[in-house]
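Let me begin by presenting the structure, written as C-alpha cells, before commenting on it.
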Amino acid sequence: MSGVDASSELLRFSTAGSVDDGKSTLIGRLLYDTKTAFEDQLAHVEDVSRRRGDERTNLALLTDGLRAEREQGITIDVAYRYFATPRRKFIIADTPGHIQYTRNMVTGASTASLSIILVDARHGLVEQSRRHAFIASLLRIPHVVFAVNKMDLVGWDEATFRRIEAEFRDFASRLDIQDVAFIPLSALTGANVATRAAEMPWYHGPTLLYHLETVHISSDRNLIDVRFPVQWVIRPQSDEHPDYRGYAGQVAGGVLKPGDEVVILPSGRTTTIASIEQAGAPIDAAFAPMSVTLHLTDDVDVSRGDMICRPNNRAQVAQVLDAMICWMTDKPLATKNRYALKHTTRWTRAIVTELMYRLDVNTGHRVQDATQLELNDLGRIRLRTTTPVIYDSYARNRTTGSFILVDEATNETVAAGMLVAG
Amino acid sequence: MRELAAERERPCLLFSGGKDSIVLLRLAEKAFRPARFPFPLVHVDTGHNFPETIEFRDRCVASLGERLIIASVQASIDRGRVTEETGPRASRNRLQTTTLLDALEAHEFDAAIGGARRDEERARAKERIFSHRDEFGQWDPKNQRPELWALYNGRLKRGEHLRVFPLSNWTELDVWEYIQLEQIPLPDIYFAHRREVFERDGMLYAANPFVKLLPSEQIRVEQVRFRTIGDMTCTGAIRSAATTLDDVIAEVAAARITERGATRADDRFTEAAMEDRKREGYF
Ligand SMILES: Nc1nc2c(ncn2[C@@H]2O[C@H](COP(=O)(O)OP(=O)(O)O)[C@@H](O)[C@H]2O)c(=O)[nH]1
C-alpha cells in the first residue's frame, strides 16, 4: 500500500468489444481461471445457466450485474471487477460495446493503464474495433491489447490471426498508442487466456494473463513535472498543535523533496518545502500517486485549488482553454452554453465560446461545420472560464490535463474533457 | 474523504463497528490528523447488535475523541415509523433504512461515507464512489453520474444526498491485509472463539435473545468466527480455528465462498435482494 511497489502491483484495465465478441465470457474466464469466482457465485451461475437451458455453464453470467440487464441480456454501464494473482492485483472496468455507449467507454478508460479490445476472429476489424482503439488513443491509455477471440471457430488458423494483426497494426500506427499487443485466444475454452494453447503452436507470445501480470507500468508515471494540487488545508488550531499548517493532496507529477524551492500557482509566490508527511510520519520524497501533506517554510497563503510546482517548470495558467471532449448527456452541447467545470481540486464556471469540429470516431475525420455535440459525440471546443485554470496538456499529464463539465441546473456530469496545450 | 469534506457542507461517516468501517476510521485519521475529523460518526443501532460490537464501538470512539451520533431502530419502532417483523425469521435489517434516512434528515447531513465495497455483491459492482441519492434517499442504478478520472462531482440539489464509498475498489483480502499492515484492533468476534450457535438453512447463527428457535433447531457450542458483523439475527458464523490476523488472512485467501454469500441471510432471499434494498436507500 505504500510507495512504488503498491502502484506497480496494481493494474487497472478496461475491456471493450462489440456485442457478442465474448467480453463477458473472457472476464468470466479470467475470474474463473484465477480462482476469483467463488463457489456460491459459480453455483448461482450454474443454476441460472441450467434454468435458461444453456448447454454449458455460461461464465459470462459471472460478470452480470443488475437485474434490468439480466432481463435484457445486455450490459449497460461500467461495472468494476477485481481479481488477483501472486504477481499483481487487477481492477477491471467492464464497459459495454454498444455503438451509443462511447460515454461508458470513456469513463472506463479514464482510469485505465491498459485496455483489452476484443475482436471476433471471424469478423476481424469492424467499425467498433476502430472506435475502441481510437478512444484508447484519445484517452492516452499507454497499453492496448487486441484479443483476437473465438480462435476455435476459425480452426485456430494462423493466417486468419496474422491478417487481423496486420490490418490492426496498420490502423494503430496512425494512432497515438505507446504499446500494442496481439493475442489469439478463445475465451470459451480458455486457450491463451491463463494457459498456453496447445492448438496454436505457431503463437510464441505470452498468454493474456501473463501479459497483464508483467506489462511494464511503473514508467507510465510522469516523474519530471512537479505538480501538487492542494486538496485540503490541515489546520487543527488546537492547544496541542496551535501553529500546525499542512497542505494535503495527491501528487500528480514529479518528485517532491524537503528543501525544494516551489512556486504556488496562481499567486506565483515562491517558498520552500520544509517537510513532507505521509500518514503522520516524515518522508524523504513524494511522487505520483502518493497522498501526502506538505509543510512550507514561509507562511504563504495557500488554499484548496492551488497548485504547487517548481519555479522553473510551471503548469500553465489560463482562462481560455482548448479541449477535446466527450459529450455524455442527451441535451446537446452548443456554443454559448455555460457549465460548471471541475479541474484537479478546483471548480470554476465556463462558457463554450467555440465548437471547432466534431470528430468522427469511426474514421478519425473532423466534421468542421458541426453546430452541436450530441450524446456520445467527441469534439474539439474552446472554453472561457471565470477564474484561471492551472493545467498541463492531457498528453503531458492525465491528472492536470483532464476536467469534467457539469450542468448547473441538474448537477449531472455532462462531459469529459482533455486539455490541449495552449 | 478529503474531496468529500471539501465538496459538501455536512457529511457524516457511517460507523457500524464492522471491519470495513473500522478501516474507514483509519483512513480518516490519515486524511485529517492532527486536526479533528470534519464530520461526526453515525451508528445505526438496531438494538440487535452483538454486545462485543457495541463495546468495541464505544472504546474506539473514546480513543479517537470524535463525536458519535446513535440512530436507534428501536426509537423508529417506538415512534411508529416502522413496524417490527414477527416470526422466527424476523430481522431488523430492513428497518435500518428508515432509521438511517430519518437520521440523515434530522441532522441535515448531505453526505454519508460508508464502507461498502464493490466486490461484496453483484449489485454493488456498478456503484459509484460518489453515489447520488434523490430526495427519497433512493439509488437509480441506470441514471448514475459518470465517474471520470478522480474528478468527483459532489454537487446536489436541496434534499438530496451522497453516499460515498472510499473502499469501493478494495476486496475482502485487501481489507484484511490493510488491517494487518496497520495493526488495527478489531472486535474479538472476528477471531475464532467458542460460542453457542444453532444451524438454520445451512448456516450457523449465534444463539441470541432476538431469535426464536424452530422446533427442529438446537443450540450447541462450536468454535466459530464472523466474517462480517451485522445483526445477531442475520449474521452467520463460520466454523474456524483462525485466532490471529495471520490465520484469518490465510483463511480468507483460501476461501471459496464470498463473504456475503457465506454469512448474510439478508442477501439470500431473492436473486436481486441487495439491488432492491439499495434502491430503497439501504447502505
Ligand atoms: N466458440 C466460441 N464462442 C465464444 C467464445 N467467446 C464467447 N463465445 C460465445 O459468444 C457469445 C457471446 O459471448 P458474450 O461473452 O456474452 O459476449 P459479450 O456480448 O461480448 O459479453 C456467447 O454465446 C459465448 O458463449 C469463444 O472463444 N469461442
### Message
Among the residues in region A:113-130, are any free of Cβ contacts under 8 Å to residues at least 60 places away in the same chain, more than 26 Å from A:D377 (Cβ to Cβ), within 16 Å of the ligand (Cβ to nearest atom) and open to solvent by 20 Å² or more (accessible area, probe 1.4 Å)?
### Response
yes
### Task
Test A:F182 against the criterion of being more than 30 Å from A:A252 (Cβ to Cβ), more than 16 Å from the ligand (Cβ to nearest atom) and open to solvent by less than 60 Å² (accessible area, probe 1.4 Å), and give yes or no.
no
## Note on the structure
With the first residue restricted to region A:258-277 and required to be on the phi > 0 side of the Ramachandran plot, and the second required to be part of a loop (DSSP other than H, G, I, E, B), Cβ contacts under 9 Å at 6 or more apart or on different chains are A:G268/A:R314
### Query
So which residues in region B:155-167 are surrounded by fewer than 21 Cβ atoms within 10 Å (Cβ to Cβ) and not hydrophobic (A, V, I, L, M, F, W, C)?
B:K157, B:R158, B:G159, B:E160
### Task
Within region A:362-369, identify whether any single residue is at negative phi, in a strand (DSSP E or B), surrounded by 14 or more Cβ atoms within 10 Å (Cβ to Cβ) and not aromatic (F, W, Y), and answer yes or no.
no
### Task
Kindly provide the set of residues from region A:72-90 that are more than 10 Å from chain B (Cβ to nearest Cβ) and modelled with pLDDT under 65, ordered by number.
A:Q72, A:G73, A:I74
### Candidate set: region A:154-179, residues that are within 16 Å of the ligand (Cβ to nearest atom) and not in a helix (DSSP H, G or I); chosen: the one farthest from the chain's Cα centre (by Cα)
A:G155
### Task
Considering every residue within region B:94-103, establish whether at least one is open to solvent by 50 Å² or more (accessible area, probe 1.4 Å) and either acidic (D, E) or at negative phi (or both).
yes
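This table checks each residue for (1) within 12 Å of chain B (Cβ to nearest Cβ); (2) modelled with pLDDT under 75.
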position	(1), (2)
A:D33	no, no
A:D40	yes, yes
A:T63	yes, yes
A:R67	yes, yes
A:I92	yes, no
A:T102	yes, no
A:V106	yes, no
A:L114	no, no
### Task
Return yes when A:T214 is of a type in the set (S, T, N, Q) and more than 16 Å from the ligand (Cβ to nearest atom) and no when it is not.
yes
### Task
For region B:191-223, name all the residues that are open to solvent by less than 40 Å² (accessible area, probe 1.4 Å), in a loop (DSSP other than H, G, I, E, B) and aliphatic (A, V, I, L, M).
B:A192, B:A207, B:V211
### Query
Within the set of pairs 6+ apart or on separate chains, which have a first residue in region A:233-254 that is facing another protein chain (nearest Cβ under 7 Å) and part of a strand (DSSP E or B), a second that is among the charged types (D, E, K, R) and open to solvent by 40 Å² or more (accessible area, probe 1.4 Å), and C-beta atoms under 8 Å apart?
A:I234/A:R245; A:I234/B:R33
### Query
Can we say A:T102 is in contact with an Asp or Glu (Cβ under 7 Å, 6 or more places away or on another chain) and surrounded by 19 or more Cβ atoms within 10 Å (Cβ to Cβ)?
no
### Task
Using the structure shown, decide if A:G253 is surrounded by 22 or more Cβ atoms within 10 Å (Cβ to Cβ), small (G, A, S) and out of contact with any Leu (no Cβ under 6 Å at 6 or more places or on another chain).
yes
### Message
Among the residues that make up region B:33-47, is at least one of them of a type in the set (F, W, Y) and either in a loop (DSSP other than H, G, I, E, B) or away from chain A (no Cβ under 14 Å) (or both)?
### Response
yes
### Query
Would you say B:R92 is away from chain A (no Cβ under 14 Å) and of a type outside the set (V, I, T)?
yes
### Query
For A:N222, which of the numbered conditions (1) exposed (fewer than 13 other Cβ atoms within 10 Å of the Cβ); (2) polar (S, T, N, Q); (3) part of a loop (DSSP other than H, G, I, E, B) fails to hold?
(1)
### Task
Examine region B:124-133 for a residue that is more than 10 Å from chain A (Cβ to nearest Cβ), open to solvent by less than 20 Å² (accessible area, probe 1.4 Å), polar (S, T, N, Q) and out of contact with any helix residue (DSSP H, G or I) (no Cβ under 8 Å at 6 or more places or on another chain), and state whether such a residue exists.
yes
### Task
Counting only residues that are within 12 Å of chain B (Cβ to nearest Cβ) and open to solvent by less than 10 Å² (accessible area, probe 1.4 Å), give me the strands (runs of 3 or more DSSP E) lying completely in region A:265-329 with at least 3 of them.
A:316-327
### Query
Restricting region A:132-153 to residues that are within 15 Å of the ligand (Cβ to nearest atom) and not in a strand (DSSP E or B), which is nearest to the other protein chains (Cβ to nearest Cβ)?
A:H132
### Task
Keeping to region B:134-152, report how many residues are at pLDDT below 80 and buried (at least 18 other Cβ atoms within 10 Å of the Cβ).
3
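The values are calculated or read from the model by the stated rules, or taken from the named source; none is laboratory data. In this text, all values refer to a predicted model and were calculated from it rather than measured experimentally. So basically every Cβ, Gly included, is an ideal-geometry build from the backbone, and we count neighbours across all protein chains shown. The area values use the complete protein model at the heavy-atom level, side chains included, leaving out ligands, DNA and RNA. Shrake-Rupley method; radii C 1.70, N 1.55, O 1.52, S 1.80 Å.
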